[in-house]
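First up is the structure itself, then whatever we jot down about it.
The values are calculated or read from the model by the stated rules, or taken from the named source; none is laboratory data. In this text, all values refer to a predicted model and were calculated from it rather than measured experimentally. Glycine also receives a Cβ, built like all others from the backbone with ideal geometry; neighbour counts cover every protein chain displayed.
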Amino acid sequence: MVDFFVYDLVFLFLFVIGVFYFIKKHKKTLDREGWIYMYRTQWAVNFINYIGKKYEKILSKLRYLIVVIGYFLMAGILYLFGTTVVRYIKEPWISDIIKAPPVAPLIPYFPKLFGMENYFPSFYFTYFLIAIAVVAFVHEFSHGIFMKFSKIKIKSTGIIFLGPILGAFVEEDKKSFDGKGKFNRLSVLGAGVFANLITGIIFFFLAWGLFNVSYVSEGYIVTDYVYEILPTDSILGVENYSDDLVLVNTTKGEYFGIKGWDFQEGGLVKLYFDSPAIRNKLRGNIIEFNGEKVNGRDNFYSSFNDFKIGETIEIKMLDNDQISEYSLELVEHPHNSSKSFLGIVGRGLDPKENLKEFSLYTLLFHLKGSAIDYQPIYSFFGFIFNLLWWIMIINFLVALFNMLPLGILDGGQFFYVTILAITKNERLSKKIYSLLGRIIFLAFVLLMFVWAYRLAF
């Protein structure tokens, strides 16, 4: 079966040809600014006028929420950006794990290009095109709707072509925009990121619903064995146990260690408790426990409550498409003499247990932190889920990043209007706005310099 990646590359090729053909055919009617071509349409203005007029009462109240959320997003991105710069400079190990440059455009296939496939799902051109279309549409048209509500003249709307990359635009009359009150201007500037935030939340719930109905358990993922960190000074002796394990005698008892580990004095070492899991080298997914399919983390763990020390359990495991069966006798728990002990460690999260764990699974661990190996019933569901995930993430990223106080972003003008409202001095406001912009720009340059230096040396 041909991988979707091949179809995606073919689609990318045909799409690029189609875009350049469209630009060539309509070259006389397109406006050009450098590398950017703009295709203006009237239907978008009609749509904006309709929404802006029909829902005036709702928009009037919504403005206050938009401005407040705009300030929260700006504070959030400034904090995240500042801590990221400091951590990236102070902690070189980040560059060893993440090889990608700290400042890079969101382009198709970037997980594959930068070796980040362990952190992100595939990012096909199809995903990129649909996600950018959704992001641009809700962002720009939200600006336009609040321009209409605030009686700011809209000069034009349409589609932007930057090579094969598409975007949308709503162009206001600058004189009309500057002549409105500061609160009106803030609500217009914040409307785009507010719409992206709401859109991200909507797609989050769509992804959650799809995940719950179309993904099934493939078993509990065993990632490690139960261990303890001990000082190497506590080690009394080491002897061979198997091809890859050593038996370590310490002042606290006997443990297992991995062959080749450094047991030099004055350090710390990770040592495994003696357990049925490590003695039998359990690896992969536990797909059956005593004849029952493993359907969730909590159900799996609660099943141990009924077993006593010395009882035998039957486990079926899947590892690299190979199924193995084990009969294991449970031993005494090292920290609780009344509990039985198998000795396995899993990832921890179970996204089907509750909405909070699904949130952590999707937003923080990028679909990689589940205790249960969930797989889609059909591969098509996996394709759709990843698409929903990318639309959600890119909307959240745009909502945050676009509120950074830089001149080219909404956050730059949002910050300037705020400073102007406080100082009542246009010259001073421009100086403060320009100074902060330079600081942020230099921070970006510094990040890239540190990355390039570590890459070279």
Residues of segment 1-35 satisfying the condition of being surrounded by 13 or more Cβ atoms within 10 Å (Cβ to Cβ), among the aliphatic types (A, V, I, L, M) and over 29 Å from the mean Cα position of the chain (by Cα): V19, I23, L30
In segment 322-352, residue nearest to I309 (Cα to Cα) [restricted to those that are of a type in the set (D, E) and free of Cβ contacts under 8 Å to residues at least 24 places away in the same chain]: E332
Residue within segment 325-333 that is in a loop (DSSP other than H, G, I, E, B) and at pLDDT below 90 present: no
Segment 406-419 residues that are touching a residue at least 12 places away in the same chain (Cβ under 8 Å) and in the same structural domain as K180 (by TED's automatic domain parsing), paired with ones that are surrounded by 20 or more Cβ atoms within 10 Å (Cβ to Cβ) and among the aromatic types (F, W, Y) (beta carbon under 8 Å, 6 or more apart): G407/Y433; G412/Y433; F415/Y433; Y416/Y433; I419/Y433
Test result for I152, among the hydrophobic types (A, V, I, L, M, F, W, C) and under 18 Å from N46 (Cβ atoms): yes
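Okay, residues lined up against (1) free of Cβ contacts under 8 Å to residues at least 24 places away in the same chain; (2) within 30 Å of G296 (Cα to Cα); (3) among the charged types (D, E, K, R); (4) in a strand (DSSP E or B):
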{"position": "K175", "(1), (2), (3), (4)": "yes, no, yes, no"}
{"position": "F183", "(1), (2), (3), (4)": "no, no, no, no"}
{"position": "F205", "(1), (2), (3), (4)": "yes, yes, no, no"}
{"position": "S242", "(1), (2), (3), (4)": "yes, no, no, no"}
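Yes/no per residue for (1) surrounded by fewer than 15 Cβ atoms within 10 Å (Cβ to Cβ); (2) touching a helix residue (DSSP H, G or I) at 6+ places or on another chain (Cβ under 8 Å); (3) in a strand (DSSP E or B); (4) in the same structural domain as I130 (by TED's automatic domain parsing):
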residue	(1), (2), (3), (4)
S187	no, yes, no, yes
W208	no, yes, no, yes
V238	no, no, yes, no
G257	no, no, yes, no
W261	yes, no, no, no
Residue within segment 76-83 that is polar (S, T, N, Q), free of Cβ contacts under 8 Å to residues at least 12 places away in the same chain and over 21 Å from L364 (Cβ atoms) present: no
Residue tally, condition farther than 28 Å from L406 by Cβ, modelled with pLDDT of 85 or more and assigned to a helix (DSSP H, G or I), over segment 52-79: 5
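When you scan segment 121-165, how many residues do you find that are of a type in the set (S, T, N, Q) and in a helix (DSSP H, G or I)?
Matching residues across segment 121-165 total 2.
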Within segment 407-457, tally of residues that are of a type in the set (D, E) and more than 27 Å from the chain's Cα centre (by Cα): 1
Test for I89: is it over 22 Å from M392 (Cα atoms), in the same structural domain as E56 (by TED's automatic domain parsing) and within 15 Å of the chain's Cα centre (by Cα): no
Residue list for segment 80-107, filter: under 30 Å from Y124 (Cα atoms), modelled with pLDDT under 90 and of a type outside the set (A, V, I, L, M, F, W, C): S95, D96, K99, P101, P102, P105
Matching option when the condition is among the hydrophobic types (A, V, I, L, M, F, W, C), in contact with a His (Cβ under 8 Å, 6 or more places away or on another chain), part of a helix (DSSP H, G or I) and assigned by TED's automatic domain parsing to the domain that holds N49, among A168, A191: A191
Residue count for segment 1-39, restricted to those that are in a helix (DSSP H, G or I) and either under 25 Å from F380 (Cα atoms) or touching a Pro at 6+ places or on another chain (Cβ under 7 Å) (or both): 14
Qualifying position, being more than 18 Å from A133 (Cα to Cα) and either loosely packed, with under 15 Cβ neighbours inside 10 Å or not assigned by TED's automatic domain parsing to the domain that holds G34 (or both), among I201, I229, I154: I229
Only one of I198, I221 that is aliphatic (A, V, I, L, M), closer than 30 Å to I391 by Cβ, modelled with pLDDT of 90 or more and assigned to a strand (DSSP E or B): I221
Among the candidates Y215, Y227, Y255, residue that is within 28 Å of L367 (Cβ to Cβ), modelled with pLDDT of 90 or more, in contact with a Leu (Cβ under 8 Å, 6 or more places away or on another chain) and among the hydroxyl-bearing types (S, T, Y): Y227
